[in-house]
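The values are calculated or read from the model by the stated rules, or taken from the named source; none is laboratory data. Bear in mind that the values here come from a model prediction, so they are computed numbers and not experimental data. Using ideal geometry, Cβ is built from the backbone for each residue, glycine included, and neighbour counts are taken over all protein chains shown. The protein model used for the area step is the full one, side chains on, heavy atoms only, and it has no ligands, DNA or RNA in it. Shrake-Rupley method; radii C 1.70, N 1.55, O 1.52, S 1.80 Å.
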Amino acid sequence: MDTIQLRTPIPGPKSKTLSERRAAAVPRALSHATPIYVAKAQDAWLEDVDGNRYIDFAGGIGCINIGHRREPVLSAIREQLNDFLHTCVQVTPYEGYIRLAERMNQVTPGKFPKKTLFVNSGAEAVENAVKIARAHTGRPGIIAFEDAFHGRTMMTLALTSKTHPYKAGFAPFPGDVYRIPYAYCYRCSYSLQYPSCDLYCARHLEDTFKRVVASEDVAAVIAEPVLGEGGFVVPPPDYFRVLIDICHKHNVLFIADEVQSGFGRTGKLFASEHYGIEPDILVSAKSLGGGLPLAAITGRAEIMDAPDPGGLGGTFAGNPVSCAAALAVLDLFDHEDLLKRANEIGNLFQKRAREWQKRWPMVGDVRGLGGMQAIELVKSAESREPAAEETKQVTQYCYEHGLITITAGSYSNVIRVLVPLVVTDAQMDEALDVLEAGIQTVCEKSRTVAQPV
Ligand SMILES: Cc1ncc(COP(=O)(O)O)c(C=O)c1O
């Protein structure tokens, strides 16, 4: 039986009523990718309040890599609920926090001694990584990338690249943030081509230290190993090694923001492993908590110990229920071959998406790492002009036909896959059929359709 089951036109009447209540009660700045209100979710599907069932390619924006409501996570949460909910780790600590820190120190890349701090969200984790890097180096500067996304708090907005809707109107932001181009080969800022470019964009960091900010004023370079909100851009395999060598030559730390690329999404527990790199600090969140809010900052022990006692923390940071859930998430990665599945999902997607690229020039780029896959839509293969409106239309077609997808990219023209890794082959086929039909419909409508080859 198909997973997708639509009983009403989308959105259904109950979702519509909730949308009206939302408009009156919630600020409009909290946007919604779909007008669908959820009633239940399991594994890789969601059901809305009108009884319509969808395949979930968004996974709570990458928080549900292990699947919705996995029993081992639910039972770990239930057990913790029986004991205590909250004491604040800074007042009366508990073992779950320590056990999870020990596990994080083991599973993150790097064979050196590490320590881990827990907070509530990805943005809060990035904020703390910056504090720790500054405390350790005694330097203020942070270098971030074009197309980066690091969160919505003030410091992380300073690091985030995309202006609308994230930054516009919210300035001033904290200072001492410098921005350099990322290795976005499809839209290379230097109009070069890999590998003949010899990784000019990475090597250009030396130039930045000469012409933009002195390296002795820079605490850290922060990068996503695969861009998340920036459009699932995967740098060449040797890019980060070159970049980090330059950082370390100047005693600048390298922070990997693995909030979106972590916890199995790319076919390794952390995307950094694909590049053979060992970040000085690694930030993770999203799928760490299996659906509960939790984020981690893991780094070299001597760096993590730089701030004085009391300098780091937060009332709810590393709360016991989230820690219990996260321990169960890590157990699931030990017991189930979710990493292999991420690669299989990537292959299933690539196979179909490469066919679409041949048929429709609107599918400009197909890219990804493991289960972190995307297509970038353009007006024409030659101009590569971003097709943002068409991208919106495809995602609308998808949710109206039973597939929840979300967009990404500085030009809002990327459709990304963050499907729970427990999705079945049959569900992938069903979902990709919807996405394909959506692309075809929009191509035909916008007359960008090419002759089938
Ligand atoms: C790479 C990256 N860093 C940081 C964040 C911010 O995380 P949060 O929304 O949990 O604050 C996100 C969120 O999408 C992200 O993708």
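Got a number for residues in the range 54-87 being within 16 Å of the ligand (Cβ to nearest atom), in a helix (DSSP H, G or I) and open to solvent by less than 20 Å² (accessible area, probe 1.4 Å)?
Initial filter on the range 54-87 (within 16 Å of the ligand (Cβ to nearest atom)): 57-65.
Applying the additional criterion that residues be in a helix (DSSP H, G or I) yields 59-62.
Narrowing the set further to residues that are open to solvent by less than 20 Å² (accessible area, probe 1.4 Å) leaves 59, 62.
Qualifying residue count for the region: 2.
From the list Arg187, Arg211, Arg241, Arg203, which one is at pLDDT 95 or above, more than 16 Å from the ligand (Cβ to nearest atom) and under 30 Å from Ile66 (Cα atoms)?
Numbers: Arg187 fails: under 30 Å from Ile66 (Cα atoms); Arg211 fails: under 30 Å from Ile66 (Cα atoms); Arg203 fails: under 30 Å from Ile66 (Cα atoms).
Going through Arg187, Arg211, Arg241, Arg203 in turn, just one is at pLDDT 95 or above, more than 16 Å from the ligand (Cβ to nearest atom) and under 30 Å from Ile66 (Cα atoms): Arg241.
In the range 164-184, which residues are open to solvent by less than 60 Å² (accessible area, probe 1.4 Å), under 24 Å from Arg203 (Cα atoms) and either in a loop (DSSP other than H, G, I, E, B) or touching a residue at least 60 places away in the same chain (Cβ under 8 Å) (or both)? Explain how you work it out, then say what you get.
The initial filter retains those residues of the range 164-184 that are open to solvent by less than 60 Å² (accessible area, probe 1.4 Å), namely 166-168, 173-175, 177-178, 180-184.
Those left that are additionally under 24 Å from Arg203 (Cα atoms): 177-178, 180-184.
Pro181, Tyr182, Ala183, Tyr184, listed by residue number.
Within the bounds of the range 18-27, is there any residue that is open to solvent by less than 30 Å² (accessible area, probe 1.4 Å) and part of a loop (DSSP other than H, G, I, E, B)?
Taking the range 18-27 as the starting set, the residues that turn out to be open to solvent by less than 30 Å² (accessible area, probe 1.4 Å) are none.
Scanning the range 18-27, I find no residue that is open to solvent by less than 30 Å² (accessible area, probe 1.4 Å) and part of a loop (DSSP other than H, G, I, E, B), so the answer is no.
Quickly run through the range 306-326 and pick out the residues that are outside any loop (DSSP other than H, G, I, E, B) and within 16 Å of the ligand (Cβ to nearest atom).
As a first pass, look at the range 306-326 and keep what is outside any loop (DSSP other than H, G, I, E, B): 320-326.
If the condition is that a residue be outside any loop (DSSP other than H, G, I, E, B) and within 16 Å of the ligand (Cβ to nearest atom), then Ser322, Ala325, Ala326 are the ones that fit.
Would the range 217-225 turn up any residue that is within 16 Å of the ligand (Cβ to nearest atom) and closer than 20 Å to Phe333 by Cβ? First the steps, then the outcome.
Pass one, the range 217-225, residues within 16 Å of the ligand (Cβ to nearest atom): 220-225.
Next cut, closer than 20 Å to Phe333 by Cβ only: 225.
Yes.
Collect the residues in the range 195-211 that are under 23 Å from Val126 (Cα atoms) and among the aliphatic types (A, V, I, L, M), keeping them in residue-number order. Outline the logic, then answer.
We begin by selecting, within the range 195-211, every residue under 23 Å from Val126 (Cα atoms); these are 202, 205, 208-209.
Matches in the range 195-211: Ala202, Leu205.
Would it be correct to say that Arg211 is open to solvent by 30 Å² or more (accessible area, probe 1.4 Å) and more than 30 Å from Ser31 (Cα to Cα)?
Working: open to solvent by 30 Å² or more (accessible area, probe 1.4 Å): yes; more than 30 Å from Ser31 (Cα to Cα): yes.
Yes; evaluated as a whole, the condition is true for this residue.
Does at least one position in the range 275-296 carry a residue that is charged (D, E, K, R), within 15 Å of the ligand (Cβ to nearest atom) and in contact with a strand residue (DSSP E or B) (Cβ under 7 Å, 6 or more places away or on another chain)? Outline the logic, then answer.
Here is the first cut: in the range 275-296, the residues charged (D, E, K, R) are 278, 280, 286.
Narrowing further to those that are within 15 Å of the ligand (Cβ to nearest atom): 286.
From what's left, in contact with a strand residue (DSSP E or B) (Cβ under 7 Å, 6 or more places away or on another chain): none.
No, because not a single residue in the range 275-296 is charged (D, E, K, R), within 15 Å of the ligand (Cβ to nearest atom) and in contact with a strand residue (DSSP E or B) (Cβ under 7 Å, 6 or more places away or on another chain).
For the range 437-453, name all the residues that are open to solvent by 40 Å² or more (accessible area, probe 1.4 Å) and either of a type in the set (Lys, Arg) or modelled with pLDDT of 95 or more (or both).
Gln440, Thr441, Lys445, Arg447
Mind listing just one residue for me: the one in the range 88-125 that is assigned to a helix (DSSP H, G or I), touching a helix residue (DSSP H, G or I) at 6+ places or on another chain (Cβ under 7 Å) and closer than 14 Å to Ser322 by Cβ and, of those, most open to solvent (accessible area, probe 1.4 Å)? Working first, answer last.
Taking the range 88-125 first, the residues assigned to a helix (DSSP H, G or I) are 95-107, 122-125.
Keeping just the survivors that are touching a helix residue (DSSP H, G or I) at 6+ places or on another chain (Cβ under 7 Å) gives 96-97, 99-100, 103, 107, 122-123.
If we keep only those that are closer than 14 Å to Ser322 by Cβ as well, we get 96-97, 99-100, 103, 122.
Values: Gly96: 21, Tyr97: 25, Arg99: 112, Leu100: 0, Arg103: 49, Gly122: 16 Å².
For the range 88-125, the residue satisfying everything is Arg99.
Where residues in the range 126-163 are open to solvent by 40 Å² or more (accessible area, probe 1.4 Å), within 12 Å of the ligand (Cβ to nearest atom) and not β-branched (Val, Ile, Thr), which of them is farthest from the chain's Cα centre (by Cα)?
Here the answer is Glu127.
Have a look at Ala39, Ala25, Ala44 and point out the one that is within 22 Å of the chain's Cα centre (by Cα) and at pLDDT 95 or above. Lay out the reasoning, then the answer.
Numbers: Ala39 fails: within 22 Å of the chain's Cα centre (by Cα); Ala25 fails: within 22 Å of the chain's Cα centre (by Cα).
Just one listed residue meets the conditions, Ala44.
Give just the number: which of (1) within 22 Å of Pro140 (Cα to Cα); (2) within 16 Å of the ligand (Cβ to nearest atom) does Val233 not satisfy?
Exception for Val233: condition (1).
What pairs can you find where one residue is in the range 365-386 and without any contact (Cβ under 8 Å) to a residue 40 or more places away in the chain, the other is basic (Lys, Arg) and open to solvent by 50 Å² or more (accessible area, probe 1.4 Å), and their Cβ atoms are less than 8 Å apart, with a gap of 6+ or different chains?
Val366/Arg354; Val378/Arg384; Glu385/Lys379; Pro386/Lys379
So that you can scan it fast, the table gives a plain yes or no per residue for (1) without any contact (Cβ under 8 Å) to a residue 60 or more places away in the chain; (2) closer than 23 Å to Ala123 by Cβ; (3) more than 19 Å from the chain's Cα centre (by Cα):
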position: Thr266; (1), (2), (3): no, yes, no
position: Phe270; (1), (2), (3): no, yes, no
position: Leu282; (1), (2), (3): no, yes, no
position: Leu312; (1), (2), (3): no, yes, yes
position: Ala325; (1), (2), (3): no, yes, yes
position: Arg341; (1), (2), (3): no, no, no
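Mind counting the residues in the range 361-397 that are in contact with a strand residue (DSSP E or B) (Cβ under 9 Å, 6 or more places away or on another chain) and assigned to a loop (DSSP other than H, G, I, E, B)?
Going through the range 361-397 one residue at a time, the tally reaches 9.
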